[in-house]
1. Starting from the Cα of A59, step 7 Å along the direction of its Cβ; do the same at D26; then give the gap between the two resulting points in nm.
2. List the residues whose amide H sits under 5 Å from the amide H of L73, counting only those 5 or more places along or on another chain, with H placed 1.01 Å from N in the peptide plane.
3. For the chain, what is the mean residue ellipticity at 222 nm derived from helices alone (per DSSP H run of n ≥ 4: -39500 (n - 2.57); sum divided by total residues; nearest 500 deg cm²/dmol)?
4. Charges only on Cβ, +1 for Lys and Arg, -1 for Asp and Glu: so what's the dipole of the chain about the Cα centre, in debye to the nearest 20?
5. Within the P(r) computed for segment 4-51, what percentage of the Cα pairs occupies the region above 17 Å?
6. Whenever you get a sec, compute what percent of the accessible area on the chain sits on carbon and sulfur atoms (1.4 Å probe).
7. From the phi of every residue in segment 59-75, what ³J(HN,Hα) in whole Hz does the Karplus formula 6.51 cos²θ - 1.76 cosθ + 1.60 yield, where θ is phi - 60° and glycine or proline is x?
8. How far, in nm, would the chain grow between A4 and D77 when pulled straight, counting 0.36 nm per residue and subtracting the alpha carbon separation?
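The values are calculated or read from the model by the stated rules, or taken from the named source; none is laboratory data. What you see is a predicted model, and the numbers here were worked out from it, not measured in a lab. Please note: Cβ atoms are built from the backbone with ideal geometry, for glycine as well, and neighbour counts cover all protein chains shown. Heads up: the accessible areas ignore ligands, DNA and RNA and are worked out on the full protein's heavy atoms, side chains in. Shrake-Rupley method; radii C 1.70, N 1.55, O 1.52, S 1.80 Å.
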Amino acid sequence: MNTAANVKHINEALATYGAGPFITTDTTGDDEKSVVTGTLDGRSVRVEFTVGSGSPDPAHAVAMFDAETGDQLGQGDSAATFADAISSYHWNGALTGTDESR
């Protein structure tokens, strides 16, 4: 999984809010799930990229969590690509520290 490209898409999305960048410190995972840890505006966060089964295309999902509390920040739907999943993610929740989309 190309997490560097996914992080680039996240930073482009954050820039539309005048926020970011998400600065990575560690990446683990494989082709089905990768976890990237780092900071966003001084807050420690964890981003999970997951590829699930789907027809006709696999489902790509992104989720951001507060690294200290484990709370999910924002909400996203799975999409045909990570770029689509990232662009539809509710970044305002990630920036305010609350999942306002639920």
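1. Taking the two extended label points, one gets 2.9 nm.
2. Residues meeting the criterion, in which the H sits 1.01 Å from N, are M64, F65, D66.
3. -6500 deg cm²/dmol
4. Here the chain has a charge dipole of around 160 debye.
5. 30 percent
6. Using a 1.4 Å probe with all protein chains present, the chain comes out at 47 percent carbon and sulfur.
7. Karplus values, whole Hz, x for Gly and Pro: 8, 9, 10, 10, 9, 10, 10, 5, 5, 7, 9, x, 5, 6, 10, x, 8.
8. 24.2 nm
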